[in-house]
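Reading through the C-alpha cells given below for one structure.
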Amino acid sequence: CKEKIITVVGSGLIGRSWAMVFLSGGYRVKIYDNQPGQASRAIAEIRKQVEELQEAQMLRGNLSASEQLSLLSSHDDLSQALEGAFFVQECVFEELQAKQAVFQAVENHVGEDTILSSSTSCLMPSNVFSLVQNPKRCLISHPVNPPYYVRLVELVPHPATLPKAMDMAFELMSEVGQAPVRLRREIDGFALNRVQYAIIAECWRLVKDNVISVKDIDLVMSEGLGMRYAFIGPIETMHLNAPNGLEDYLGRYREGMRRVLSNFGPTPEFDGEAATRITEEICEFIPSDQENLSARRERRDQLLMRLAKLKK
Ligand code: NAD
C-alpha cells in the first residue's frame, strides 16, 4: 500500500492524530480543513509532536520524523486534497448535517473504490452516510483519544457496506499499528461507549447512593479492574478466574451475577443534587481550572505512553 494517499478531512484534535498514525505507516497524508489556515496550523502542530516523539524515542513506525513529515501536506481546496486518495478519514465536528454534507461533497471528487470513513463517536452510519450515492464503501472508524497511544479502532458498517470495504479498513488499521475491531452491525454507542456507559452508570449510582466516595470508586477501576483490563477483557477474565475455565466460572458465579445485576438501579439522570455533589467531590482533588486539568491530562498521556510501550 506504500505511496498511497490518505486524505484527512477536518484537522482538529482527532484529524491531527489520525494524520500522525497514517504517516507512521508510511502513507502520504493530505489534510483538508474548511477553516482557512487551520490545516497549515495542524501541520505545524504535527511537526512539533512528531519531532518530540522522536526525541522521546516514542515515534511509531520505521521512518524517521523528517521522512514521515515529508509525506504530509495541507490543502485549502477539497478536490486537490482528495486527488489520488484511496482512503478518506473524516474528522469534522460531531454534527450530523456537517458530516452528511462533507461526505456528499467528498463523493463528487473520488472514484467508486475510495473508502469513505468517519471518525464519529456516536452518530449512526446509516445517518452519517444517508446522502451518499454509493454507501457500499462507507464505514465508521471510531478511534479512542489519544489514538497514538490507545490503539483501538471500532469499525462499524453501514447496512450496505461491503465486507471487502470492512476488510480493507481492517488491514489498513492493522498495518499502521492500530488495534481494529469489527462490529457486525450498527448499534447506538457502538461497543466501547456501551460498555463505558454501563460502567459510568454503576459508578454514579454507587456514589449517588452514598455507598462509596468518588475517589474510591475511581480507585476500584484504576487499581482493580483496570489493571487486568489493560491486557485481558472481561470474558477472558472470567475464563481464567475459575480452575476449569468459563463453564466452571458460570457454574460457580452465575447465580451471584444474576442476583447482583437484578438490583442495579434505573438509568441515572446525571443532573440535580447528585451531579452537584459528585462535581464538588472530584474538584476537591482535581479542581476544574485549566491549569489543573491540563496537568492531569499531561499525566494521563505520559502514563498511557508508558503503557503503550509495555503492551508492545
Ligand atoms: P475538533 O473540534 O477538534 O476538530 C474539528 C475540525 O473539523 C476543526 O478543525 C474544524 O475546522 C474542522 N471542520 C469543521 N467542519 C468542517 C468541514 N465541513 N470541512 C472540513 N473541516 C471541517 O473535533 P475533534 O475532537 O477532532 O473531533 C472530530 C471527530 O472525531 C468528531 O466526530 C468526534 O466525535 C470524533 N472523535 C473525537 C474524539 C475525542 O476525544 N475528541 C474521540 C473519538 C472520536
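For the reader, a short list of remarks on this structure follows.
- Under the condition of being away from the ligand (no atom under 11 Å from the Cβ) and free of Cβ contacts under 8 Å to residues at least 40 places away in the same chain, the residues counted in the range 116-160 number 19.
Residue-by-condition table, conditions (1) in contact with a Phe, Trp or Tyr (Cβ under 6 Å, 6 or more places away or on another chain); (2) modelled with pLDDT under 95; (3) part of a loop (DSSP other than H, G, I, E, B); (4) loosely packed, with under 10 Cβ neighbours inside 10 Å:
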| site | (1), (2), (3), (4) |
| --- | --- |
| 181 | no, no, no, no |
| 193 | no, no, no, no |
| 198 | no, no, no, no |
| 210 | no, no, yes, yes |
| 219 | no, no, no, no |
| 232 | no, no, yes, no |
| 237 | no, no, no, no |
| 243 | no, no, yes, yes |
| 248 | no, no, no, no |
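- Scope the range 161-214; condition farther than 30 Å from residue 267 by Cα and hydroxyl-bearing (Ser, Thr, Tyr); matching residues: 161, 174
- Qualifying residues in the range 120-165 (those that are among the hydroxyl-bearing types (Ser, Thr, Tyr) and modelled with pLDDT under 95) - the one surrounded by the most Cβ atoms within 10 Å (Cβ to Cβ): 148
- Inter-residue pairs, beta-carbon under 8 Å, first within 12 Å of residue 91 (Cβ to Cβ) and of a type in the set (A, V, I, L, M) and in the range 11-28, second near the ligand (Cβ under 9 Å from one of its atoms) and part of a helix (DSSP H, G or I), 6+ apart: 19/42
- Within the range 69-94, residues that are without any contact (Cβ under 8 Å) to a residue 40 or more places away in the chain have Cβ atoms under 8 Å from residues that are among the small types (Gly, Ala, Ser) and within 11 Å of the ligand (Cβ to nearest atom) in these pairs: 94/121, counting only partners at least 6 apart in sequence or on another chain.
- Scanning the range 256-269 turns up no residue that is under 30 Å from residue 63 (Cα atoms) and not aromatic (Phe, Trp, Tyr).
- Matching option when the condition is loosely packed, with under 12 Cβ neighbours inside 10 Å, in a helix (DSSP H, G or I) and modelled with pLDDT of 95 or more, among 269, 298, 284: 284
- Scanning the range 271-295 for residues that are farther than 14 Å from residue 214 by Cβ and not hydroxyl-bearing (Ser, Thr, Tyr) returns 271, 272, 273, 289, 290, 291, 292, 293, 295.
- Screening the range 91-115 for residues that are more than 14 Å from the ligand (Cβ to nearest atom) and among the aliphatic types (A, V, I, L, M) and picking the one that is surrounded by the most Cβ atoms within 10 Å (Cβ to Cβ) gives 115.
- A single entry from 65, 19 fulfils the requirement of being modelled with pLDDT of 95 or more and more than 23 Å from the chain's Cα centre (by Cα): 65.
- Test: residue 62 is part of a loop (DSSP other than H, G, I, E, B), more than 10 Å from the ligand (Cβ to nearest atom) and free of Cβ contacts under 8 Å to residues at least 60 places away in the same chain: yes
- For the range 78-90, filtered to residues that are under 13 Å from residue 117 (Cβ atoms) and not aliphatic (A, V, I, L, M), the residue that is farthest from the ligand (Cβ to nearest atom) is 86.
The values are calculated or read from the model by the stated rules, or taken from the named source; none is laboratory data. Remember, predicted model here, so these are calculated numbers, not experimental data. Note that each Cβ is placed from the backbone with ideal geometry, even for glycine, and that neighbours are counted across all protein chains shown.
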